[in-house]
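Participant: Before we start, here is the structure in question, set down as structure tokens.
The values are calculated or read from the model by the stated rules, or taken from the named source; none is laboratory data. The structure presented is a predicted model; accordingly, all values stated were derived computationally and were not measured. Note that we place each Cβ from the backbone using ideal geometry, even for glycine, and neighbour counts take in every protein chain shown. Surface areas here come from the heavy atoms of the whole protein model, side chains and all, with no ligands, DNA or RNA. Shrake-Rupley method; radii C 1.70, N 1.55, O 1.52, S 1.80 Å.
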Amino acid sequence: MSRVYNFSAGPAVLPEEVLKEAAEDMMDYKGCGMSVMEMSHRSKMFDDIIKEAEADIRSLMNIPDNYKVLFLQGGASQQFAAVPMNLMKKKKAGYIITGQWAKKAAQEAKNYGEVVELASSADKTFSYIPDCSDLAITDDLDYVYICENNTIYGTHYHELPNTKGVDLVSDVSSCFLSEPIDVSKYAVVYGGVQKNVGPAGLVIAIIREDLITDEVLEGTPTMLKWKTQADNDSLYNTPNCWAIYICGLVFKWLLKNGGLEAMKKRNEEKAAILYDFLDQSKLFKGTVEPASRSLMNVPFVTGDADLDAKFIAEAKAAGFENLKGHRTVGGMRASIYNAMPKEGVEKLVAFMAEFEKKNS
Ligand SMILES: Cc1ncc(COP(=O)(O)O)c(C=O)c1O
């Protein structure tokens, strides 16, 4: 068996211990003679899996009792519609545009009500997070929406916007469980799990209970109504059982490794290795303003598209996979999620230094 260093933005690297455990359980989960993929979602075995997963994420994130945790399908993109359908009572919401995912979410919300663009970093190719300390937020907004970590551009909010009392909704897909957050500051926190937590297709939504009501926009599909899912403990229909099980294993891995404080420290150390190298390199340049840098996604360029392509090809041959930047940005991007070992970043940086020596 040989494993590469996988810098994919998602689906992404998962902890090897978790993959091994899942492999061991594959034929016969805890003596029940079948895999988790094959068991009924109504079985006692699966009930234990989903309940334990919920208890573990509650403990990891310190989720207050007045928040529900829902395991939903349809990817993070499905919530781009579910958020306005469930929350747009006054048919008006504010969006902060920090990249493609926030833009897509805003675009979707326009199908259901008025969208006010509160701020944007489009003027500098989304290379920074705008100052959100005093935005023109009025109390007729149903919510303020952010994408907290911008996977494509490599930016991250280091301070939440001052929403002036309006509910905050955050897409945390690419920074999920990478560091502690104070859930009580949000109305809704949700993320696709395929970056830091598990297989694609599952979304975990953490929603303040008072927002889960029957009062949704007319025409909201039963499946997209959060109340349907909350009333049925995420088992209204057949859920993505396998993904929930893998997330559960990842939660246990996180708990065993010191929880989110420890993960933050580890992620800061890993990111610093790469950013410190970029800051002194004469060939490679980070594309993000230092104050807005993400710990998870690190885009960089040489400034020469041919040299970028050469780097990506040589890196791949050396066992560093998926370093090509997003098609809308070009260059390179190293995604260094929780499960990327420090050694993977150290080796990448050593490879970059060698490449720089040969190509300067
Ligand atoms: C920040 C962010 N939001 C949303 C999405 C969309 O997720 P999905 O493919 O699960 O719909 C992604 C996917 O990469 C993302 O990075």
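Participant: Report, by residue number, each residue of the stretch 40-69 that is among the small types (Gly, Ala, Ser) and crowded, with 16+ Cβ neighbours inside 10 Å. Spell out the reasoning first.
Facilitator: Pass one, the stretch 40-69, residues among the small types (Gly, Ala, Ser): 40, 43, 53, 55, 59.
The answer is Ala53, and nothing else.
Participant: Okay, moving on. Going by the structure shown, is Val69 touching a helix residue (DSSP H, G or I) at 6+ places or on another chain (Cβ under 7 Å), of a type in the set (A, V, I, L, M, F, W, C) and assigned to a strand (DSSP E or B)? Talk me through it step by step, then tell me what you get.
Facilitator: Numbers: touching a helix residue (DSSP H, G or I) at 6+ places or on another chain (Cβ under 7 Å): yes; of a type in the set (A, V, I, L, M, F, W, C): yes; assigned to a strand (DSSP E or B): yes.
Yes.
Participant: Let me ask another. Is it fair to say Leu168 is open to solvent by less than 10 Å² (accessible area, probe 1.4 Å), under 18 Å from Leu254 (Cβ atoms), at pLDDT 95 or above and within 16 Å of the ligand (Cβ to nearest atom)?
Facilitator: Working: open to solvent by less than 10 Å² (accessible area, probe 1.4 Å): yes; under 18 Å from Leu254 (Cβ atoms): no; at pLDDT 95 or above: yes; within 16 Å of the ligand (Cβ to nearest atom): yes.
When the stated conditions are applied, Leu168 does not pass them.
Participant: So, one more: Can you find a residue that is small (Gly, Ala, Ser), within 27 Å of Ser335 (Cβ to Cβ) and open to solvent by 20 Å² or more (accessible area, probe 1.4 Å) anywhere in the stretch 70-77? Spell out the reasoning first.
Facilitator: Taking the stretch 70-77 as the starting set, the residues that turn out to be small (Gly, Ala, Ser) are 74-77.
When the remaining residues are screened for being within 27 Å of Ser335 (Cβ to Cβ), the result is 74-77.
If we keep only those that are open to solvent by 20 Å² or more (accessible area, probe 1.4 Å) as well, we get 74, 77.
Scanning the stretch 70-77 turns up at least one residue that is small (Gly, Ala, Ser), within 27 Å of Ser335 (Cβ to Cβ) and open to solvent by 20 Å² or more (accessible area, probe 1.4 Å).
Participant: Could you tell me which residue of the stretch 197-212 is farthest from Asn86 (Cα to Cα), considering only residues that are in a loop (DSSP other than H, G, I, E, B) and either within 11 Å of the ligand (Cβ to nearest atom) or free of Cβ contacts under 8 Å to residues at least 24 places away in the same chain (or both)?
Facilitator: Let us first name the residues in the stretch 197-212 that are in a loop (DSSP other than H, G, I, E, B), namely 197-201, 212.
Adding the requirement that they be either within 11 Å of the ligand (Cβ to nearest atom) or free of Cβ contacts under 8 Å to residues at least 24 places away in the same chain (or both) leaves 199-201.
Numbers: Pro199: 26, Ala200: 23, Gly201: 20 Å.
Among those that are in a loop (DSSP other than H, G, I, E, B) and either within 11 Å of the ligand (Cβ to nearest atom) or free of Cβ contacts under 8 Å to residues at least 24 places away in the same chain (or both), it is Pro199.
Participant: Another one. Are any residues in the stretch 171-196 surrounded by fewer than 21 Cβ atoms within 10 Å (Cβ to Cβ) and within 12 Å of the ligand (Cβ to nearest atom), and if so, which ones?
Facilitator: Passing the criteria: none in range.
Participant: Just one of (1) part of a helix (DSSP H, G or I); (2) open to solvent by less than 30 Å² (accessible area, probe 1.4 Å) trips up Met37, so point out which.
Facilitator: (2)
Participant: In the stretch 82-101, which residues are within 16 Å of the ligand (Cβ to nearest atom) and either of a type in the set (Val, Ile, Thr) or open to solvent by less than 10 Å² (accessible area, probe 1.4 Å) (or both)?
Facilitator: Ala82, Val83, Pro84, Tyr95, Ile96, Ile97, Thr98, Gly99
Participant: Please go through the stretch 300-311 and give me each residue that is open to solvent by less than 70 Å² (accessible area, probe 1.4 Å) and either in contact (Cβ under 8 Å) with a residue 12 or more places away in the chain or touching a Ser or Thr at 6+ places or on another chain (Cβ under 7 Å) (or both), ordered by number.
Facilitator: Across the stretch 300-311, the qualifying residues are Phe300, Val301, Thr302, Leu307, Asp308, Phe311.
Participant: How many residues are closer than 28 Å to Gly198 by Cα, open to solvent by 20 Å² or more (accessible area, probe 1.4 Å) and of a type in the set (A, V, I, L, M, F, W, C) if we restrict to the stretch 250-294?
Facilitator: 5
Participant: So, in the stretch 108-155, of the ones that are part of a strand (DSSP E or B) and open to solvent by 10 Å² or more (accessible area, probe 1.4 Å), which residue ends up nearest to Ile97 (Cα to Cα)? Spell out how you get there, then give the answer.
Facilitator: Step one: of the stretch 108-155, the residues part of a strand (DSSP E or B) are 114-120, 144-147, 149-150, 155.
Then keep just the ones that are open to solvent by 10 Å² or more (accessible area, probe 1.4 Å); that gives 114-120.
On the way: Glu114: 15, Val115: 11, Val116: 10, Glu117: 7, Leu118: 8, Ala119: 6, Ser120: 4 Å.
Ranking the candidates gives Ser120 first.
Participant: Let me ask you something else. Can you spot a residue in the stretch 31-52 that is under 16 Å from the mean Cα position of the chain (by Cα) and either closer than 30 Å to Pro180 by Cα or in the same structural domain as Ser170 (by TED's automatic domain parsing) (or both)?
Facilitator: Looking for residues that are under 16 Å from the mean Cα position of the chain (by Cα) and either closer than 30 Å to Pro180 by Cα or in the same structural domain as Ser170 (by TED's automatic domain parsing) (or both), one finds none in the stretch 31-52, hence no.
Participant: A further question follows. For the stretch 206-234: of the residues being at positive phi and small (Gly, Ala, Ser), which is surrounded by the fewest Cβ atoms within 10 Å (Cβ to Cβ)?
Facilitator: First, the residues of the stretch 206-234 that are at positive phi: 219, 233-234.
Pick out the ones that are also small (Gly, Ala, Ser) and you get 219, 234.
On the way: Gly219: 8, Ser234: 24.
The selected residue is Gly219.
Participant: Can we say Pro15 is of a type outside the set (Gly, Ala, Ser), over 25 Å from Thr151 (Cβ atoms) and open to solvent by less than 60 Å² (accessible area, probe 1.4 Å)? Steps first, please.
Facilitator: On the way: of a type outside the set (Gly, Ala, Ser): yes; over 25 Å from Thr151 (Cβ atoms): no; open to solvent by less than 60 Å² (accessible area, probe 1.4 Å): yes.
No.
Participant: If you don't mind, there's one more thing I want to ask. Under 7 Å between Cβ atoms, which residue pairs at least 6 apart in sequence (or on different chains) link something in the stretch 312-338 that is over 14 Å from Asn6 (Cα atoms) with a partner that is among the aromatic types (Phe, Trp, Tyr) and crowded, with 19+ Cβ neighbours inside 10 Å?
Facilitator: Filtered contacts from the stretch 312-338: Glu314/Phe355; Val329/Tyr153; Gly331/Phe300.
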